[in-house]
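One structure below.
A short reminder: the numbers here are calculations on the coordinates, not readings from a lab. For clarity, every value in this text was computed on a predicted model and none was experimentally measured. Methodologically, a virtual Cβ is constructed for each residue, glycine included, from the backbone with ideal geometry; neighbour enumeration extends over all protein chains shown.
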Amino acid sequence: MKPTDIRIRAARWHAVPVQTRVPLKFGTETVTEVVCARVFIEVEHADGTRAEGWGETPLSVQWVWPSTIPYQARLNALTRFCDDLTEAYAQCTATGHALEIGHHFLEKQLPQLLDRCNASLPEGIALPTLAALVCASPFDIALHDAYGVANHVPTYSTYKAPWLASDLSHFLAPAADSPNVRFKGLYPADFFRPTPETRLLAWHLVGGLDPLTPEDPGANDVHDGYPTTLVDWIARDGLLALKVKLRGNDAAWDFERLQRVGAIGLAAGVRLFTADFNCTVTDPKYVTDILDRVRNEEPALWEHLSYVEQPFPYDLEAHPIPVASVSERVPLFLDESAHDWKIVRLGRELGWSGVALKTCKTQTGALLSLCWARAHGMQLMVQDLTNPMLAQIPHVLLAAHAPTLAGVETNAMQFYPEASTPEAVVHPGLYKRVQGHVDLASIHGPGFGYRANEVSRVLPPPHAQSR
């Protein structure tokens, strides 16, 4: 065990409830509340010195587990699995760098824990893999934070030798059709930006229920001092990039939505757009028909359409749909499907051209997917899970280091801005978009630079804890 190596000694998690100020609709479901899992992990060096780390992820039930099963039953299963993870992480005996421990846990322990959990749930209820990853992610993020804190350095400075004993060949394998790709002697830092960004272009989410103009239904339903329409958001935040949520089962509505958002955005100086179908499409022709209409009828919007995000079912192994007809028109990005680098590999075989990275699928998994995708010439984005509070910080740090197509999606300030008030005192540039950007200048110090001791956040009692 190297002097810089760690092992886990204790874990706990807190369930922090958050209400949305306006509903967020995507796919077939609508979010009006969420429980954020705030995780504490204590680690130890071989000499007995200890340090602590924090991680946080919204347990976004509707996104991780779209289903007709009642919301509360799904949420209960997620929180129960977080309880199981608390004990499992606390008892994990692996040692090394956080990436090495995290990889060991995800490969060796998480599948068994998921199988055990699902066997104990009522008939007809089974957590999907995506839900398990989201539950594990705040523990994994806390582990990476704790590693940096334990060694008194920013965590991102450790994703290379000599901190890591294992190079990327220990974790990744090239695609069969890429004999020139190698991972031996390379580390995650070799695939980062040469210099991390300190100011990021911010993508705004246009939800399926969001009013676009003051004349739209719901435009005057909320009076809390924050914008309620797309027009007002663009004016207040100087937005330059819009992500448009579509239905995926109503082509006329989807085209009209893109058309309206495009007209409003282009007139106001927005320069980038993306369309997100949220896994509701099963036939690529549905997407290509809409794209061809945009190209033929809205050439200005077509010129600024950067990519399309995850139209097809997220279980890529169960639904191996060839998608080259889409990606030949516009870059096509995996999102919900991209559980790990092996699924990214399968996506590339099917014709996907990019990957939307998310820390909510674990910091470990996001880093390894980043490296595999970049080594094989795939494009990157960093996408949001409406991350408030501490969850925002590892999220934007990933985007600052990953060579993304453009900036980062960040929308917690749209749907629950007050939730992050204590954190915004310390990190004002992270929770409000100014001139279409977020500012990372306040992030500094060891680990993920949370400066958590400066944040006046009162947490509820632990939901579960273990040593």
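List the relative contact order of the chain as a percent without decimals, with contacts defined as Cα pairs under 8 Å and 6+ residues apart.
Value for the chain: 20 percent.
Counting Lys and Arg as +1 and Asp and Glu as -1, each charge on the Cβ, what is the dipole of the range 7-173 about the Cα centre in debye, to the nearest 20?
280 debye
Hey, which lysines would be in cross-link range of K342, C-alpha to C-alpha under 21 Å, not counting anything within fewer than 8 residues on its own chain?
K108, K184, K358, K361
What is the range 188-445's relative contact order, in percent, from Cα pairs under 8 angstrom and six or more apart in sequence?
Numbers: 472 pairs, mean separation 56.3, N = 258.
Taking the mean separation of contacting Cα pairs over the length of the range 188-445, I get 22 percent.
For the chain, what proportion of DSSP beta bridges, expressed in % and rounded to the nearest 5, is antiparallel?
Percentage antiparallel, nearest 5: 60.
Provide the per-residue ³J(HN,Hα) series for the range 32-39, in order, calculated from phi with Karplus coefficients 6.51, -1.76, 1.60 and θ = phi - 60°, each as a whole number of Hz, with x at glycine and proline positions.
10, 7, 8, 9, 8, 8, 9, 10
Using the Karplus curve 6.51 cos²θ - 1.76 cosθ + 1.60 with θ = phi - 60°, work out ³J(HN,Hα) for each residue of the range 182-195 in order, rounded to whole Hz, and write x for Gly and Pro.
9, 10, 5, x, 10, 9, x, 4, 5, 10, 7, 4, x, 10
Need the C-alpha centroid separation for the range 412-453 versus the range 199-237, integer Å.
20 Å
Show me the trypsin sites (Lys or Arg not before Pro) within the range 183-289 that DSSP assigns to loop and that have at most 12 other Cβ atoms within 10 Å of their Cβ.
Those satisfying the criteria are K184.
Which ³J(HN,Hα) values, rounded to whole Hz and listed in residue order, are derived for the range 403-410 from phi using the Karplus coefficients 6.51, -1.76 and 1.60 in 6.51 cos²θ - 1.76 cosθ + 1.60 with θ = phi - 60°, glycine and proline given as x?
Couplings: x, 6, 4, 5, x, 8, 7, 8 Hz.
Return the calculated 222 nm mean residue ellipticity for the chain, to the nearest 500 deg cm²/dmol, obtained by summing -39500 (n - 2.57) across DSSP H runs with n ≥ 4 and dividing by the residue count.
So the calculated ellipticity at 222 nm is -10000 deg cm²/dmol.
For the Cα atoms of the chain, what angle does the longest principal axis make with the long axis of helix 129-150, in degrees from 0 to 90, nearest 10?
Helix 129-150 sits roughly 50 degrees off the main axis of the chain.
Say the dipole of the chain comes from +1 at the beta carbon of Lys and Arg and -1 at that of Asp and Glu; which of P311, H14, H45 then lies farthest toward its positive end?
Checked the options; the winner is H45.
Output the antiparallel fraction of DSSP beta bridges having both residues in the range 188-445, as a percent to the nearest 5.
Rounded to the nearest five, the antiparallel share is 15 percent.
Can you tell me, using C-alpha contacts under 8 Å and at least 6 residues apart, the relative contact order of the range 7-173 as a whole percent?
On the way: 261 pairs, mean separation 47.9, N = 167.
The normalised contact order for the range 7-173 reaches 29 percent.
List every residue whose amide H lies under 5 Å from the amide H of G96, counting only residues 5 or more places away in sequence or on a different chain, with H placed 1.01 Å from N in the peptide plane.
Hits under the 5 Å cutoff: I6.
Please report the spacing between the Cα centers of the range 26-45 and the range 52-66 in Å, no decimals.
Result: 3 Å between the Cα centres.
Kirkwood-based Rg over Rh for the range 188-445 (C-alpha set), two decimals?
0.95
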